[in-house]
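S.K.: First the structure, which I've put down as structure tokens, then a few questions once you've had a look.
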């Protein structure tokens, strides 16, 4: 029983903190032999197409278009495509007002991945940049992404997601805190070898190595980028190319989004099962298992296991160590419950955001796993509301 407890506790620690520590020291060792990486120049930039998939985004789309057209990039090397399939509001009409943009629209809604697939047939540039309709990019985002393609080993470049947190933020502010930590891990992943997947808010790929993912893919952006990594290319993380978006409208909306991602995470693990064996790409497999697989599979269940085993050990072997660990666990989960309670009462206690969001995130993994196993997760994205 003690062995199972310590293994559970170790894996929980490794998943959320230990991997970051290991990665930090691996980077330090790598720099001793190879030095710090040097950023490539802006010379010889590739041609690129920026693609925006927008479904019923009339509240954001005009701002998105103006932001997109204002991005710094050589005018003779950039094209714009907006695809609005299935939109029943004024999104297509708003996009149609801008002659610089190629509008693709079909009244049938078949999901984002189907829209992306048909859009790729319209692309003739070297690079494709995907970005969500409700995010806004910094002015040099495209330049900072495109410069990395001077290295032939690079097959994809992922930008940074930045969640805007205001002074009146509720517990969804935990999303922003989580992404700040994630950004640091991704920076180290990228320097070590490769980022483990890209986020749909802002990522790019080489057009000629794009591989269509199955139409039932739940998190298509992750799968598209990982299929590129499986071909032996690196995925670079560029924090100086960032997409800003508001937090989820409320905790219910954020939970809905997390459950979908968790269901897609399990689907991706099944589809990418070859990477679970560190044979063809040992370093990528190590990063993939450490950064993604553990979070999306066993760690949430190990949290429950460790808590139950801790109680049992306190009753059977009431040492100070076991008692102290149990008290710490009770305090952490107690703060999480308080966060949930205050959230339901719309009382904002920021110190409780982190434990509450952490527990909600792990609950979402469990819920997502069961939803996927039951076959209840639709490929059609049900948008999570965002604060305006």
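The values are calculated or read from the model by the stated rules, or taken from the named source; none is laboratory data. Note that the structure is a prediction, hence the values are computed from the model and not measured. Cβ sites come from the backbone with ideal geometry, for glycine too, and all protein chains shown count toward neighbours.
S.K.: Among the residues of the stretch 110-139, which ones are in a loop (DSSP other than H, G, I, E, B), surrounded by 15 or more Cβ atoms within 10 Å (Cβ to Cβ) and within 24 Å of the chain's Cα centre (by Cα)?
M.R.: Selection gives 110, 111, 133, 134, 135, 138.
S.K.: With respect to residue 290, determine if the residue is in contact with a strand residue (DSSP E or B) (Cβ under 6 Å, 6 or more places away or on another chain), under 30 Å from residue 28 (Cα atoms), crowded, with 18+ Cβ neighbours inside 10 Å and at pLDDT 95 or above.
M.R.: In short, no.
S.K.: Go through the stretch 68-88 and give me each residue that's exposed (fewer than 15 other Cβ atoms within 10 Å of the Cβ) and out of contact with any helix residue (DSSP H, G or I) (no Cβ under 8 Å at 6 or more places or on another chain).
M.R.: Step one: of the stretch 68-88, the residues exposed (fewer than 15 other Cβ atoms within 10 Å of the Cβ) are 69-70, 72, 74-76, 88.
If the condition is that a residue be exposed (fewer than 15 other Cβ atoms within 10 Å of the Cβ) and out of contact with any helix residue (DSSP H, G or I) (no Cβ under 8 Å at 6 or more places or on another chain), then 69, 70, 74, 75, 76, 88 are the ones that fit.
S.K.: Still on this structure, I have one more. Among the candidates 39, 48, which residue alone is surrounded by 14 or more Cβ atoms within 10 Å (Cβ to Cβ) and touching a helix residue (DSSP H, G or I) at 6+ places or on another chain (Cβ under 9 Å)?
M.R.: After ruling out the rest, the residue left standing is 48.
S.K.: Need the failing condition index for residue 64 against (1) in a loop (DSSP other than H, G, I, E, B); (2) surrounded by 15 or more Cβ atoms within 10 Å (Cβ to Cβ); (3) in contact (Cβ under 8 Å) with a residue 60 or more places away in the chain, just the number.
M.R.: Tallying (1) in a loop (DSSP other than H, G, I, E, B); (2) surrounded by 15 or more Cβ atoms within 10 Å (Cβ to Cβ); (3) in contact (Cβ under 8 Å) with a residue 60 or more places away in the chain, residue 64 fails exactly one: (1).
S.K.: Then there is this: Out of the stretch 306-324, which residues are surrounded by fewer than 18 Cβ atoms within 10 Å (Cβ to Cβ) and in contact (Cβ under 8 Å) with a residue 40 or more places away in the chain?
M.R.: Within the stretch 306-324, 312, 316, 317 meet the criteria.
S.K.: Looking at the stretch 17-46, I want the residues that are free of Cβ contacts under 8 Å to residues at least 24 places away in the same chain and at negative phi and have a partner that is surrounded by 15 or more Cβ atoms within 10 Å (Cβ to Cβ) and not in a helix (DSSP H, G or I) with Cβ atoms under 6 Å, at least 6 apart or on another chain. Which pairs are those?
M.R.: If the second residue must be surrounded by 15 or more Cβ atoms within 10 Å (Cβ to Cβ) and not in a helix (DSSP H, G or I), no pairs are left.
S.K.: Please list, ordered by first then second residue, the pairs with beta carbon atoms under 6 Å, 6 or more apart or interchain, first in the stretch 264-286 and farther than 20 Å from residue 19 by Cβ, second modelled with pLDDT of 95 or more.
M.R.: Close Cβ pairs satisfying both conditions: none exist.
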